Each structure stands twice: as structure tokens, then as C-alpha cells.
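Beneath this line is the structure, given in C-alpha cells, with notes to follow.
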Amino acid sequence: MKDIHVLILAGGDSTRFWPLGDKLFLNFLGKPILFYRLKQLQKYGFRNITVVCSEVNENNFLIFKHAYPEFQFELVKQVDKRGMAGAVLSAEHLIDSKSVLIIKPIDLFEDILFEEFKRLLEKNKPEHILTGVTTNTYFPGGYLAIENERLLNIVEKPHPGQEPSNIVRIVFDYFQDISIFLKFLKESKTTKDELY
């Protein structure tokens with residue numbers, strides 16, 4: 001896992017979490033939630049970590065980095081404001097042509113996801129991995145449209161009852177060479193916040 005660059009998309013401003021502040025730095029069992037995400041990455045051997053932050057939360061990351069020097073990560077400010085796609089493009093100079101795993105810091109995963117990821121890399125050597133979780137209730141997120149075990153597309157926030165499957169996306173996306181994805185993000189045009 002040491003050759004895979006981890007890109008953590010943390011450019012949001014946690015406005016929906018008001019009045020509690022930035023959810024990444026909310027204490028849980030005495031430590032910020034971000035601590036547990038980085039500890040898990042460390043456990044599975046990830047060493048190259050870049051965090052895309054915003055102007056709003058950059059100081060919190062600097063304080064965190066000082067408080068927990070055991071974590072080594074590079075901080076990049078999100079300059080492209082187009083949501084998650086803009087966050088990825090803001091780090092382009094650090095990740096272009098590399099193997100990259102993109103995650104969101106607030107999504108907490110059980111270790112089994114990392115173990116399955118490692119197994120897939122060793123066995124199948126996939127070019128890309130997109131991850132989802134099955135659900136029996138509606139969730140206002142992205143849904144995977146699948147046919148014959150093949151991903152056709154992602155439907156962002158369909159109306160209840162119009163989901164293409166019962167598999168909701170979680171951001172745990174691997175690209176063996178992210179340059180193809182970067183090229184797509186730069187060339188695609190949309191007026192909605194669904195570019196990523």
C-alpha cells in the first residue's frame with residue numbers, strides 16, 4: 001500500500017453540521033474523528049497522504065498536524081471550487097500519473113474494506129475500483145447502475161423509488177493511474193454538482 005497515494009477530500013465547510021463546528025475535528029473518545037481515519041490508513045501501510053482542505057478549515061488541520069506529529073500528510077488548499085471534482089483537480093500537481101485512492105475523511109469504514117481492497121489489488125490488479133454498499137432504505141446519495149455485474153453509470157440523488165439499484169456509492173475510489181480521471185474531470189462540462 002505504500003506505493004498508493006491517498007487523497008483525502010476535506011474541502012467542505014461543515015455548514016450542515018452547524019452549530020457543532022467542523023465534524024472532522026469533533027472529539028470522539030477523546031480524539032478528533034480525523035485521528036481515527038489517519039490511524040486506520042497508517043495501520044494498512046499508507047504513507048503518501050494528501051489532504052485537500054478549504055480556507056475555512058486549513059487552520060484546524062495545521063493545529064491537528066502539530067498536535068499529532070505521528071501523522072505525515074501534505075496539505076493542499078482547494079482552489080477549484082467545483083465540489084469533489086475541484087478538490088481532486090486542486091491536488092493534480094501532486095497526484096498526476098500516480099496510483100491514487102480517494103476517500104472522504106468523515107466516512108468511517110470497517111477494516112474489512114481495506115482488507116478486501118488489498119486482496120483485490122494482489123489478485124486482480126484492477127485499473128479502477130469504485131465502492132458501494134447495499135441498502136434497503138432510501139439514501140439521498142449516488143447510486144450505482146449495474147447490468148450483468150458491470151457498472152454502467154452513477155445516478156446522483158435519484159428520487160425515492162427511482163434508484164437504479166440498491167447500491168449506494170461510498171467514496172473509496174482507486175485509480176491505478178489517475179491521469180485518465182484527471183483528464184476527464186478537466187474536459188467534462190456540467191452545471192450541476194455531479195462532475196466527480
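The values are calculated or read from the model by the stated rules, or taken from the named source; none is laboratory data. The shown structure was predicted, so the numbers you read here are calculated from the model rather than taken from an experiment. Cβ coordinates were reconstructed from backbone atoms using ideal geometry, including for glycine residues, and neighbour counts include every protein chain displayed. Protein only, heavy atoms only, side chains kept; ligands, DNA and RNA dropped before computing areas. Shrake-Rupley method; radii C 1.70, N 1.55, O 1.52, S 1.80 Å.
Details
- Single residue of the stretch 49-71 satisfying the filter (assigned to a loop (DSSP other than H, G, I, E, B) and charged (D, E, K, R)) that is farthest from the chain's Cα centre (by Cα): Glu70
- Selected residue [open to solvent by less than 90 Å² (accessible area, probe 1.4 Å), part of a helix (DSSP H, G or I) and modelled with pLDDT of 90 or more] from Phe117, Phe46: Phe117
- Cβ pairs under 8 Å, 6+ apart, first in the stretch 158-174 and without any contact (Cβ under 8 Å) to a residue 60 or more places away in the chain and assigned to a strand (DSSP E or B), second open to solvent by 40 Å² or more (accessible area, probe 1.4 Å) and not β-branched (Val, Ile, Thr): Val168/Phe139; Arg169/Leu130
- Failed condition for Pro105, given (1) surrounded by 14 or more Cβ atoms within 10 Å (Cβ to Cβ); (2) modelled with pLDDT of 90 or more; (3) under 30 Å from Ser54 (Cα atoms): (2)
- Scan of the stretch 161-193 for residues that are open to solvent by 90 Å² or more (accessible area, probe 1.4 Å) and under 20 Å from Phe139 (Cα atoms), ordered by number: Gln162, Lys192, Asp193
- Of all the residues in the stretch 79-114, those that are of a type in the set (Asp, Glu) and part of a helix (DSSP H, G or I) number 2.
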